[in-house]
Amino acid sequence: MARDRPRGSPGRCAACLRLQLRLPRATVKAAGALLLLLACTTVQAQEAPAQTVREIAFEGNDTTQPRTLLRELPIAVGDPADAAQVERSRQAIQDLGLFKTVSVREEPVEGGVRLVFKVRERWYILPTPRVDAKAGGEYSYGAQLQWNNLWGLDHTLRVIWEREDTNEAGVGLQTNHAFSYSAPQVFDSRYSVGVSASEVVKPTDLAGGGSYEETLQSLSLGVSRSLSDSGPPSQGWSAGAGLGWLNQETDGPGAPPAYGSATAPFATLSYRDLHLHIYSEEGVSFRSSLQGAVDGLASDYGFLTYNGRYARYMHVGATDHQTLHLIAELGARIDGPPENDAYFLGGDSLLRGYDKEFVEGDAVYRVSAEFARPLHWRWLRWVLIAEAGNAFERPQDFSLSRIYTSVGAGLRLRLSWFVNVEIEAGVAIPVGDSGGTRFFAGGV
């Protein structure tokens with residue numbers, strides 16, 4: 001009598017499997033050849049080097065010269081068209097801030113590929129009225145012309161004319177003029193040049209009657225150089241030096257004597273690793289400067305000034321253009337003209353919960369944290385702002401025993417049609433002080 005095999009016994013099951021898997025020999029050989037071909041193809045695809053860049057071209061740059069774009073590219077003709085390097089090059093062009101969109105595509109050519117960067121240019125000429133009014137009675141009006149990407153070389157020209165009433169006792173309607181011109185990477189070098197000039201004319205009343213005019217003038221010429229010999233010259237460390245001239249004159253019967261002029265050389269050190277995403281940015285920027293004059297050396301007085309600013313912009317969360325900004329600023333001046341404070345806090349961008357110039361001095365610090373999130377549209381974001389700081393009569397008076405703090409909320413509108421135009425409006429309150437809610441508005 002035959003006995004049943006125990007369950008799981010290999011004898012009968014193996015026979016069944018042999019019967020089930022018995023296929024024609026030709027079919028087995030064909031399948032093996034196909035698998036071998038697929039494996040070889042996969043290995044070759046993984047080992048195949050990137051195509052060589054044989055040409056770089058641009059589209060849409062009706063104003064911008066190709067040389068302005070080429071100098072920013074980390075990739076060059078003859079390099080492999082590595083995907084990561086191509087994307088870094090696209091981002092480098094976008095980081096100039098001159099375009100609404102930047103894209104790149106590869107086109108096959110003999111011996112490699114052509115990289116075509118397609119840009120959509122912004123509007124580079126922006127004439128705007130300057131109108132401002134404060135709850136404290138200050139107001140101003142005038143006009144400004146900002147011309148970006150001049151000559152298609154990323155040069156910038158800015159001209160301002162303004163009449164301003166500071167609501168300061170004994171000071172009339174003053175006239176402000178300002179001019180600046182910056183030329184980065186002149187002649188496709190690693191050197192940049194900047195020049196600026198300004199003039200303020202203030203009619204001032206005398207205590208015993210009558211009036212006089214006070215005129216404040218400044219002129220500055222500087223040269224800087226990128227310290228990196230590779231990569232985009234607009235990024236990384238740069239150092240510079242230049243010469244400034246400051247002058248004060250008084251004119252009119254009974255006018256007090258002017259404190260004169262100062263010829264002041266300066267040095268700068270800056271770092272930029274900032275990447276623009278059209279409606280937000282990520283990265284770090286740092287700038288510091290040291291300027292001084294020696295009494296009697298082409299100067300009627302002496303002084304030494306240091307200024308520094310650090311900013312970090314971080315993307316947070318999963319929402320596009322949702323960012324956190326951390327900013328720190330520091331300034332100090334030793335000596336200088338009498339009865340002339342170098343710094344102040346308060347107003348539309350410096351401790352927004354306080355009135356403009358509520359505290360002044362020859363030393364200052366300010367720190368702030370900002371959280372911004374899109375409000376349905378990418379170009380409109382709501383923002384929460386916390387600020388703290390103080391100003392001191394002299395640098396040696398610096399102390400953390402009294403810290404002015406304000407918090408605020410508002411909206412920021414970024415106009416992507418123009419270069420570097422972002423405006424904000426909102427309300428802020430001082431923390432721990434008796435001041436009420438204050439409205440603020442202005443450029444960012």
Where the second residue is small (Gly, Ala, Ser) and modelled with pLDDT of 95 or more and the first is under 12 Å from Gln94 (Cβ atoms) and lies in region 112-127, which pairs have Cβ atoms under 7 Å and are six or more apart or on separate chains? Lys118/Gly60; Lys118/Ser103; Val119/Gly60; Arg120/Gly60
Positions within region 146-175 being hydrophobic (A, V, I, L, M, F, W, C) and either within 16 Å of Thr64 (Cα to Cα) or not in a strand (DSSP E or B) (or both), in sequence order: Trp147, Leu150, Trp151, Leu153, Leu157, Ala169, Leu173
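Condition check ((1) within 20 Å of Gln185 (Cα to Cα); (2) part of a helix (DSSP H, G or I)) across all residues:
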position: Ala50; (1), (2): no, no
position: Glu55; (1), (2): no, no
position: Asn61; (1), (2): yes, no
position: Arg67; (1), (2): yes, yes
position: Gly78; (1), (2): no, no
position: Val86; (1), (2): no, yes
position: Thr101; (1), (2): no, no
position: Arg114; (1), (2): no, no
position: Val119; (1), (2): no, no
So is Thr166 closer than 30 Å to Gly254 by Cα, β-branched (Val, Ile, Thr), crowded, with 18+ Cβ neighbours inside 10 Å and assigned by the TED database to the domain that holds Arg287 or not? yes
Restricting region 304-336 to residues that are of a type in the set (Val, Ile, Thr) and over 19 Å from Ser288 (Cβ atoms), the one surrounded by the most Cβ atoms within 10 Å (Cβ to Cβ) turns out to be Thr323
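Residues are listed down the side, and each one gets a yes or a no for (1) in contact with a Ser or Thr (Cβ under 8 Å, 6 or more places away or on another chain); (2) modelled with pLDDT of 95 or more; (3) outside the structural domain of Gln65 (by the TED database):
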{"site": "Phe187", "(1), (2), (3)": "no, no, yes"}
{"site": "Ser196", "(1), (2), (3)": "yes, yes, yes"}
{"site": "Lys202", "(1), (2), (3)": "yes, no, yes"}
{"site": "Gly222", "(1), (2), (3)": "yes, yes, yes"}
{"site": "Leu227", "(1), (2), (3)": "yes, yes, yes"}
{"site": "Trp237", "(1), (2), (3)": "yes, yes, yes"}
{"site": "Gly240", "(1), (2), (3)": "yes, yes, yes"}
{"site": "Asp251", "(1), (2), (3)": "yes, no, yes"}
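The values are calculated or read from the model by the stated rules, or taken from the named source; none is laboratory data. Keep in mind it's a predicted model, so treat the numbers as computed, not measured. Ideal geometry is used to build each Cβ from the backbone, glycine not excepted, and the neighbour counts take in all protein chains shown.
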